[in-house]
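Written below as C-alpha cells is the structure these notes are about.
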Amino acid sequence: MKNKLGVTLVAAAFAFAGCGEQPKPAAKGDTKAGEAAKASAAPAAQEVRIGHVAPLTGGIAHLGKDNENGARLAVDEANAAGLKLGGNAVRFTLVAEDDQADPKVGTTVAQKLVDAKVAGVVGHLNSGTSIPASDIYARAGIPVISGSATNPKLTEAGLKTQFRVVGRDDQQGPAIASYIATNNKPNLVAVIDDATAYGEGIANEVEKTLKAANVKVLPREKGTDKTTDWKAILTKLRGRGADAVFYGGMDATGGPLLKQGRELGIKAVFSFGDGACTDKMKELAGDAAEGLLCSQAGIPPQAADQKFLGAYKKKFNADPILYSPFTYDAANLLIEAMKKADSADPAKYLPELAKIEYSGATGRIAFDPKGDRKDAEMTIFTMRRGKLEPIAIVKGGKTMSYDDFMRSAGGAAPAAPAAEKK
C-alpha cells in the first residue's frame, strides 16, 4: 500500500507540471539554462526570400556562380546586421535557381520563384532568359533586378517591376565598335553572333556603329550558343580578308572561335562583348587570347569598392569574375528599398526602389523611368599576359583612359600581380 501511494503522488506531481507549472529558476551561475530560456522566449525572425537566377550548369556556369556569390554576400551581410521591418526581426534567405541559360527553363524557374513567394529577384544572367521571365515577375508584381542582362528589349517593354544595374547593348556595342574604329582603323570587319537575344543584340549595335563610321562590314555570320567548331565560318572569312572580327556571344563559344581563327592564320584583331570578356578566354583560347579586345557593361570588377572586394575574397576565397559586384548591388538595392518602405511587401517597397539613390560597390545607382541605370559606364579591356586589363572607360559618349578614370574616382589603377610583371 505504501508503494502504491508513492507512485500515485509522483504521477500527480508530473501531471501538475504538465498542466503548466513553471520550472524553478536556474541556479545562480547556471548560464546555459538561462540562455536556453531566453532563446526559447525570443520570437522567430520573419523569413524574407530573395530569388537569384543564373546558369549554374553548362558552359557558363562559372559566370552564373559568380553572380550568385555576389547576391549571397549581400544577403549574408544583411542578416549579420540584424535588420527589422515593421518592428519585426527578419532573416533573408537566398533562393538560388539554375536556368541553364535556356529561355524555357528560365520561365519555369521564374514561376517557381513566384510560387515560393519571393519578395524580389536578382537575375537573370542572360538577356535571353531575362526577357521572357520578366513578364512572369511583372504579373506577380515582384521586383527583379538584373546585374548582367544587357539587351535593350528587357526594359523597353515598360514593365514597372524590371530594373538593371548595368548598361545596355545600345551603349556597350557603340563603345567597343567606336574604340575599334578609332584605335585599330580596320578596313573590313566580320561580325558573328550566337543567335541569342544577347549575342545578336550586341552584334547589331556594333554593326550599326561601324557602318555609321564608314567602316565596311561583311554580311553577318551566325552560330549558336553551343557552337564550338567555327572552322567553316572562319575559313570563309579568311578568304574575304577581314582585318577585324567581332563576336557577340559568351566565352564558352568565343574562346574556341578565337583559337581556331589563329590556327587558320587569321591575323585580324578579335573583339567581343561582355559575355566573352573574362579571364577564362585565356584558358579556352590559349596563347591566341593575347591582344583580344572586349567590353563590359559597367566598371571592371577590380574597380569595385574595396570593402566589397575584400569581403568577397574572404568569403569565397576567389576574386570576382565579372558581374558579381553588380548582383551584390542588386540584392542590396532590394533590401535597401524594403528598409525605406519598412516592409518586404513588393507592392509597398517597389515605389521606393523606383526612386532610390544608392551608393553601392559599383558606384552611384539611380534608375531612369524605364528601370535602366542612369549614366552607366562601359569598360574596354585587352588581354595581356593571360589577364584581362582595363584600358579605357566610356561614359556619356566620352572615352578616357582607365588610369584617368581611377584617378578621377579618387583611386588608382590596380597594379598587375607580381607574378605577371615582366
Could you tell me which of LEU83, LEU353, ALA71 has its Cα farthest along the dipole of the chain towards the positive end, charges placed at Cβ (Lys, Arg +1; Asp, Glu -1), taken about the Cα centre? LEU83
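Between ARG91 and ASP279, what is the FRET efficiency for a Förster distance of 30 Å, r being their Cβ-Cβ separation, to the nearest 0.05?
Details: r = 35 Å, r/R0 = 1.17.
The formula returns an efficiency of 0.30 here.
Once the other residues with Cβ under 11 Å from the Cβ of LEU56 are scored (Lys, Arg +1; Asp, Glu -1), what is the net sum? Please report the intermediate quantities before stating the final value.
Details: positive: LYS65; negative: ASP66, GLU68, GLU97, ASP98, ASP99.
Here the count lands on -4.
Under the rule of -39500 (n - 2.57) per DSSP H run of 4 or more residues, summed and divided by the residues of the chain, what mean residue ellipticity at 222 nm is obtained, to the nearest 500 deg cm²/dmol? Intermediate values should be presented prior to the final figure.
Details: 15 runs with 185 residues, N = 422.
Mean residue ellipticity at 222 nm (helix-derived): -13500 deg cm²/dmol.
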Can you give me the long-range amide H partners of GLN46? Hydrogens built in the peptide plane at 1.01 Å from N, cutoff under 5 Å, separation of 5 or more residues or another chain. ALA89, VAL90, ARG91
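Before I look further, what does the stretch 341-402 give for accessible area per residue, probe 1.4 Å, in whole square angstrom?
Numbers: 2900 Å² over 62 residues.
Computed with neighbouring chains in place, this is 47 Å² per residue.
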Rule-of-thumb Rg ratio for the stretch 154-313 [Cα; 2.2 N^0.38 Å; N residues]: 1.06
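Give me the net charge of ALA366's neighbourhood, meaning all other residues with Cβ under 15 Å from the Cβ of ALA366; Lys, Arg count +1, Asp, Glu -1. Mind dumping the intermediate values first?
On the way: positive: ARG164, LYS340, LYS355, ARG364, LYS370, ARG373, LYS374, LYS395; negative: ASP329, GLU336, GLU352, GLU357, ASP368, ASP372, ASP375, GLU377.
In short, 0.
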What are the trypsin sites (Lys or Arg not before Pro) within the stretch 142-195 that DSSP puts in a loop, where the Cβ has at most 15 other Cβ atoms within 10 Å? LYS160
Using a Gaussian network model of the chain with C-alpha springs under 10 Å, which one of GLY254, GLY87, GLY58 is most mobile by mean-square fluctuation? GLY87
Just to confirm the filter: which trypsin sites (Lys or Arg not before Pro) across the stretch 238-290 are DSSP coil and have at most 13 other Cβ within 10 angstrom of their Cβ? LYS267
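With +1 on the Cβ of every Lys and Arg and -1 on the Cβ of every Asp and Glu, and nothing else charged, how large is the dipole of the stretch 258-308 about its Cα centre, in debye rounded to the nearest 20?
In debye, rounded to 20, the stretch 258-308 gives about 80.
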Taking the chain as a Gaussian network, Cα atoms linked when under 10 Å apart, which of ALA354, ALA318, ALA197 shows the biggest mean-square fluctuation? ALA318
Once the convex hull of the C-alpha atoms of the stretch 260-323 is built, how many Å³ does it hold per residue, rounded to a whole number? 91
Given R₀ = 30 Å, FRET efficiency for ALA232-ARG384 by Cβ-Cβ distance, to 0.05? 0.45
Given a 10 angstrom Cα cut-off, can you work out which residue in GLU156, GLU290, GLU68 is the most mobile in a GNM of the chain? GLU156
Run the simple label-point estimate for ALA347 and ARG240 please: 7 Å along Cα→C-beta, distance reported in nm. 5.5
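When a/c reaches 1.5 or more, the comparison of a/b and b/c decides; with that in mind, is the chain rounded, prolate or oblate per its Cα gyration tensor?
Values: a/c = 2.45, a/b = 2.39, b/c = 1.03.
Since a/c reaches 1.5 and a/b is larger than b/c, the shape of the chain is classed as prolate.
Of the listed pairs LYS84/LYS313; LYS117/LYS280; LYS280/LYS398; LYS117/LYS315; LYS153/LYS395, which have alpha-carbon separations greater than 24 Å here? Mind dumping the intermediate values first?
Working: LYS84/LYS313 28 Å; LYS117/LYS280 36 Å; LYS280/LYS398 29 Å; LYS117/LYS315 28 Å; LYS153/LYS395 21 Å.
The answer is LYS84/LYS313; LYS117/LYS280; LYS280/LYS398; LYS117/LYS315.
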Taking only protein heavy atoms and a 1.4 Å probe, what accessible area per residue, in Å², does the stretch 154-215 have with all protein chains in place? 36
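The values are calculated or read from the model by the stated rules, or taken from the named source; none is laboratory data. No experiment lies behind these values; they were computed from the predicted model shown. Here Cβ is always computed from backbone atoms with ideal geometry, including for glycine, and neighbour counts include all displayed protein chains. Quick note on the areas: whole protein, heavy atoms, side chains included, nothing else; ligands and nucleic acids left out. Shrake-Rupley method; radii C 1.70, N 1.55, O 1.52, S 1.80 Å.
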